[in-house]
Every structure is written in C-alpha cells, then in structure tokens.
1. With every protein chain in place, what's the accessible area of ARG141 (1.4 Å probe, Å², nearest 10)?
2. For THR234, which sequence-distant residues (separation of 5 or more, or a different chain) have an amide H within less than 5 Å of its own amide H, given hydrogens modelled in the peptide plane?
3. Along segment 115-127, what does the Karplus equation 6.51 cos²θ - 1.76 cosθ + 1.60 (θ = phi - 60°) give for ³J(HN,Hα), rounded to whole Hz, x for Gly and Pro?
4. Calculate what fraction, in whole %, of the accessible area of segment 91-250 sits on carbon and sulfur atoms when a 1.4 Å probe is rolled over the protein chains.
5. Can you list which of the GluC sites (Glu not before Pro) found in segment 1-76 are DSSP loop residues with at most 13 other C-beta atoms within 10 Å?
6. Report the antiparallel proportion of the DSSP beta bridges in segment 91-250 as a percent, rounded to a multiple of 5.
7. Could you tell me which of rounded, prolate or oblate describes segment 91-250, using a ≥ b ≥ c as the square roots of the eigenvalues of the alpha-carbon gyration tensor, with rounded for a/c under 1.5 and, failing that, prolate when a/b is larger than b/c and oblate otherwise?
8. Restricting to Cα pairs below 8 Å that are 6+ residues apart, what does the relative contact order work out to for segment 3-85? Please round to a whole percent.
Amino acid sequence: MRLEDLGWDPVWEYHATEAGGPTRVPGRVATVDRGRAVVLTDEGAIPASWHFPVSVLGERAGVMPAVGDWAMITNAGEVRTLATLIPRRSLLARGITGGARVAQPLAANVDLVMVVTGLDGDFSLRRIERFLTLARSGSVRALVVLSKLDLIEDPDEAIRQARKATPGLDVVTVSSVTGDGLTELRNEVKPGQTVVLVGSSGVGKSTLINRLLGEERLRTGAVRESDDRGRHVTTRRELLQLPGGGLVIDTPGLREVGLLASEEAVLEVFPEIAALSEQCRFMDCSHVEEPDCAVRDAVQKGELKADRLAGFHRLVREQASATRRATEHERRAHDRALAGHYRKTLRASLRIKGREN
Ligand SMILES: Nc1nc2c(ncn2[C@@H]2O[C@H](COP(=O)(O)OP(=O)(O)OP(=O)(O)O)[C@@H](O)[C@H]2O)c(=O)[nH]1
Ligand SMILES: [Mg+2]
Ligand SMILES: [Zn+2]
C-alpha cells in the first residue's frame, strides 16, 4: 500500500512531519469502532486503539476520530494507538445543519458525496434533499445517483423530478444489475480522491461499491418486498481502495427521513441520551438491543435512570407511528412543495447574482 494511493500529498506530508518523530507513522483511518480503529499505512492495515478525545495537531480540543481521517499512529509496541489526527480538510457530520445538538462525524477528508436513491418503490425527492444536507454540512460537492435503473420501466419522470429538485448538481442513473452508468460513476472517483456514498438502507450502496471493486467484498442484503426498504445490512462506515486509484467510503443507511427528523426532536428532549449515543457502536443505534450501546451501558452502571430511557423509547415509538400515519398523498405534496422551493431559491440566487453584476 502506498500512501499516495490513499490520497497522501505534500500538504499532508508537511503536517505529518510536524506531528511526526521517530515513534510515529502516518496512516488513513479506514474503520472506527468503539476504542478501536483500523488504519491503512504503507505497511498495510494496522489495528490501533484510541481514547476519546483524540488530539488534533495544532488544535486545542480533541475529537472523535472519523473514517477518512489522516492520523499519526505509534509505530511500535503490542498495541498501536492513534496518537494524533492531522487537521481535516472537510468533515461530513450529521446534526450540524439541523442547528441541533451534538454533531456525529460521518467521514473526514471527503472530496465528493454521492447521494444514492433507488428508482424503485422507495424513490423520494424529500430523502434526496435530506441527504444533500450532509454534503452541505461539510461544504463538499455532491452528486445525485439514481440506482436500480433496471427496476423501472420508464425512469424519465423520476429523473426529471430529481434534476429539477437539485439544480446545479449532476444526476447519474445506474444499475448494478445491467452495469448501466457504472463507467460514468467510476469516472467520478478520481485517483487520490475520496468519495462517500450516502442514502437510505437498501438503495444499493454496497452493491455499487462491490461493482466498482470488481469483487463481492461488502455484504449486501435483500430489501423488504412491501416497501423496498433495506434492512440495515451495512453496520459501519468503511474506507476502501478501488483498483486503479480512488477511494470510496461505504456507510450504513441512515434512518428514514421522517424518523430522522422526529428522532432529532426527541433527542432534544433527552440531551443526556443524545450525548451518550455518540459513543454507541452504531451511529443509528436505537438503544434497544444493539451491541456496545453506550446508553444501555450507562443505565447498567447507574449513570442514567432507567426511567429516562423508558421515556425516551416511549416518545420515539409515538413519533414513529405519527410518521407512519403520514399518507402517501402528504408525501407527494411535500415533494412537490420542495421542488417549488428549489425553483424559488434558484431564481432568488439568480436575481442576487444579477444585481451584483
Ligand atoms: N434490481 C436491482 N437490485 C439492486 C441493485 N443494486 C442493489 N440491488 C439490490 O438491493 C438490495 C440492497 O442492496 P445493498 O447494496 O445491500 O444496499 P445498501 O444501500 O448497501 O443498504 P444498507 O447497507 O442497509 O444501507 C440487494 O438485494 C441488492 O442486490 C440494482 O441496480 N438493481
Ligand atoms: Mg450497505
Ligand atoms: Zn445505543
């Protein structure tokens, strides 16, 4: 493994020299679990332990390490550790644009966000919009990927709507089954650049990456027949190298949009649970039965009252059923309104530009 193939360049090198010394080597964080990370270095993939907060070179406050981070790790000893992170060029995080609570880091040093939506029964403009906020949170360029092209007879209307709702962005249609659009997608992952795929569970992110890798490396899973939703097959973010250069990050499908919004509202009422959930192994942990759940751990240790967690679950359930009651009709209306909103915003920004000139 050469560092250059992982996106290493003279600027990273400069920082690494500053943070370096004979006992540290640079590498790129490929996966992050609680207290453990896998770091890709020129000696290969190395497991390293970490403790929150991890220091960042030249910055006062430490952070949670994120997939995509460049890090200096100790170069000897039985247990290698993440010694320090090199300042990020970009960070995608959930919760920043919501103006809410704690931001959860999703991926660092990303050049492009691919927002993936299926052209099957799960197609939703609103969801595309929700995922675009992630790209905006990190000021990273976004690309809209409409997947499962083989499953729709006449995709034109959906494509037209998606283009209209995302002015200024490229929209690519692909099928992992027929291979349509894969070359175009592959060309978007330039050597040395890092692309992250985001989108709901079941839209085919891992399948796409397997196609780009040319092998079945990532686990994929069937969607529910009733509504084409996925079953959260991918459980953690992972950075992978594509043959021929370029890096991709696979991510677990975030919760469905409505739930995500209500979930955030619920978390505002339970700030201590919001803070704890940052340490759960899974980003979308529901604190019910997932392994390594920091919230349930806290209850067990007596740091959080069981009543509070029960109250939290009750409110989440209520919100979820309220979301389910929203009819298809309402969703359509919302999508139409959103398309209108985009048109207006675009017109307004054109007017502003016109005035400046
Ligand atoms: N027909 C068709 N099926 C696809 C396509 N891409 C993926 N699938 C299927 O969709 C299902 C879900 O695919 P995954 O790749 O696991 O979806 P994902 O987005 O990674 O889902 P999570 O990991 O749960 O977030 C699998 O059964 C895939 O075989 C496609 O282009 N066409
Ligand atoms: Mg997946
Ligand atoms: Zn949890």
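1. 120 Å²
2. Correct list: GLY253.
3. Listing the rounded values in order: 8, 9, 9, x, 7, 7, x, 9, 4, 7, 5, 4, 5 Hz.
4. Within segment 91-250, the accessible surface is 45 percent carbon and sulfur.
5. Filter output for segment 1-76: GLU43, GLU59.
6. 30 percent
7. In terms of gyration-tensor shape, rounded.
8. Dividing the mean separation by the residue count of segment 3-85 yields 29 percent.
The values are calculated or read from the model by the stated rules, or taken from the named source; none is laboratory data. Here the structure is a predicted model, which means the values were calculated and not measured. Note: ideal-geometry Cβ built from the backbone for every residue, glycine included; neighbour counts use all protein chains shown. Note: accessible area is taken over every heavy atom of the protein model, side chains too, but ligands, DNA and RNA are not part of it. Shrake-Rupley method; radii C 1.70, N 1.55, O 1.52, S 1.80 Å.
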